Structures are given as structure tokens and as C-alpha cells.
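Here's the structure, in C-alpha cells; my notes come after.
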Amino acid sequence: MRLRVLDGGHRLRQRIALTMIRLASRTAPDPVAKVSLYRPELFGSRWLQLVESAMRGPSEWSEAERELLGAFVSRLNRCPFCVGIHTGIAEHRLHEPVTGERLDRWRDGEFGPRLTATFAFLEGVMTGPPRIGSDAVERARAAGLSDAALSDTLYVGFVFDTINRVANALGFGWETEADRIKLARSLDRIRYHVPRLLLR
Amino acid sequence: MALRPRGLPPPERLVVVLRRITGRTLRAMTRGDQIAGLSAGLVDTTGVTARELREAALRGVRVPDPWTAYVEKVRHASYGITDQDIEYVVAASGSEDAVFEMTLAAAVSAAADRLEAGLRALREAG
């Protein structure tokens, strides 16, 4: 972590929570948790509400599919930390290998027609010009995607588009491959939910 | 056999009920409202940096030095940010908190632009 305040500058309540996470999981706390619990009134409190809603709230996308969407956006944004964590969750949920390299081959269609069309839509949004042509939407609809699913996709995209930049800028990482798996499993287990008490 | 007063649901049932309540709360507030709230928190919360500076970063308009290059990098090439970039803005601003605030504002701003582009495409497709 490139800012020392995020390693040791938390208020007492949040510091106790991070210590408990460290003891319970036997690994350093998720850097996203460190960011979210540091001065939570600035960002973390509202941010975590949005994340929980986008990733585990009602949606036509399954939770595992949303992990793939998040990992895909993270790959586009060249965020190795988020790619590692969210491919880890997707892999665990889907019981099949999910890696950044496999996501790079999305055009082969091995994730199925709905996700392939959605990846194309997301790529247009994330890397294209400020105005996205409606043809990208038409192609996604033709693959069977509803506008609600595409809208949900965009909010998952927003979540990752934000945190990818924060992770890259502030130097998020993990120590070992085992730590990566632990962080992914912990996040999946808590379902992105952080008690409100810790966000005050 | 666990001792539990009669009529009280088992703990796992309570978890399900709590999740349903949380889900309703999440649905009641639209995601647009949530993002508006996120932006408001970044601007309105008392911070180390001036409110106007955070607002400019959030609106995607040019910010003064020492932030100009850093904010651009967060928005367009965050993968290229180095230890030296962070050391520079920390030293120039004199505060890690300032860097924290500006990083968040720039990141949310760039993500909001893309979200808006996607939502606009969805609207225009009819």
C-alpha cells in the first residue's frame, strides 16, 4: 500500500475490526476494506452500499457471472489485483479455471453467447469513444440480453472502473498465492457486506 | 438440542430475514441515487483538500498543480502509476490524506463518465 495512513491511520473502531480480520483470516486485510474503512464518511460508507447492491443485489445475472464481468473490466483496466481476486471468486463458484488469460480469449465464445455479447458491449463502453454506438446495444439485445441486464452490467462496470483505478494508484496487492485465495474466499463469504457500525 | 425460547426463529432463518430487509433497502434506493450520494460524500465531507478542488476532479475538469498530471493518470492510465508518482504528490501537497481524497475523486469521475456513456447508448438504442 503506497499510503501509510491506509495501513495504520484508521480510527479505533475500524482499527479493531481490521485487527480482528487479520487474526481470523490469518492474512493481511483486503486493501479494499482498508480504503473503505478509512474515513468512511468520505467514500467507503456509500461505496460499499453500491458494491453490495451491484454484486449481490437482485439481478438477471448470477453472482458468479457478475464476478466474471468484474474480472473482465479489471482486465481491461489492467488491474492485476482485482483480476486476481474476482477470477478467484468466479473460479470457486463455477468450479472451472478462470484466469485473466482465459478472459482475454472471450471472443472465442467459450463463456457463452450472453456473456460474449456483454463483454463486447463492456469493451465498447470501457475503451471506446465517449459516445458508444447503439449497434453495441443492438448486438447485445440480439444475444438475448434485456435492458435491465445491460444496465446492471454498467453498474458492475462502474464499481470496478472505480476500484481498479484506486487499486492501481495506491498499490494494492497480496503477499502469496494462498493469500489471494483467502482474500477471494473471505469476500465471497461475507457477500460484500460490511456492518454499518464499522462505516461510521 | 439448542436452548431457544419457543417461537423464536433459528439463527439461520434470522440471517435470511435480515438479508431480505437489506435487499429491500438496496432496491428502494436506485443505483443512480447511490452514485449521486457517493459523489456528494466526496465533495461535501470535510477534507484536507479544498472542496472546490475535489469537485473539479470529480467533474473531470482540469485541476491545478501538483495534481494535474496525477489526476490525468488516475483517469486514463492508472496502471502506470508508480511509487515516485505517489511520493511526488504526497511531498507536494504535504499530506497523504490529500492524495487519498484526490485519487478517489478522479477514479469516481472517470468511472461515472463511462457509466453515463453506456446508459446513454442504452437510451438512444430505444
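List of remarks:
- Residue-normalised convex hull volume from the C-alpha trace of the range B:82-126: 61 Å³ per residue.
- Gaussian network model of chain A, springs between alpha carbon atoms under 10 Å - residue of A:D179, A:D188, A:D135 with greatest fluctuation: A:D135
- Residues A:Y192, B:Y88, arranged from fewest to most other Cβ atoms within 10 angstrom of their Cβ, appear as B:Y88, A:Y192.
- The range B:60-126: trypsin sites (Lys or Arg not before Pro) in DSSP coil with no more than 15 other Cβ atoms inside 10 Å: B:R62
- Amide N of the range A:146-168 lying under 16 Å from the label point, which is placed 7 angstrom from the Cα of B:A36 along Cα→Cβ: none
- When the alpha carbon gyration tensor of the protein assembly as shown is reduced to an equivalent ellipsoid, its three semi-axes come out at 28, 28, 20 angstrom, largest first.
- Rg ratio for the range B:36-88: its Cα radius of gyration over 2.2 N^0.38 Å, N being its residue count, equals 1.19.
- Each residue of the range A:117-200 gets 165 Å³ once the volume of the Cα convex hull is shared out per residue.
- Relative to its Kirkwood radius, the Cα radius of gyration of the range A:110-162 gives an Rg/Rh of 0.94.
- Three-way shape call for the range A:10-61 based on the alpha-carbon gyration tensor, with the a/c threshold at 1.5: oblate
- Residues A:S62 and A:D7, FRET efficiency given R0 of 35 Å [Cβ-Cβ distance, rounded to 0.05]: 0.50
- Charged-residue dipole, Cβ positions (Lys, Arg, Asp, Glu), chain A about Cα centre, Debye nearest 20: 1100 debye
- Where labels lie 7 Å past Cα in the beta-carbon direction, separation of B:Q84 and A:R131 in nm: 4.0 nm
- Over the range B:59-99, the alpha carbon radius of gyration divided by the compact-protein estimate 2.2 N^0.38 Å works out to 1.09.
Where a number appears in this text, it was derived from the coordinates with a stated rule and is not lab data. No experiment lies behind these values; they were computed from the predicted model shown. Here the Cβ is made from the backbone with ideal geometry for all residues, glycine too, and neighbour counts use every protein chain on show.
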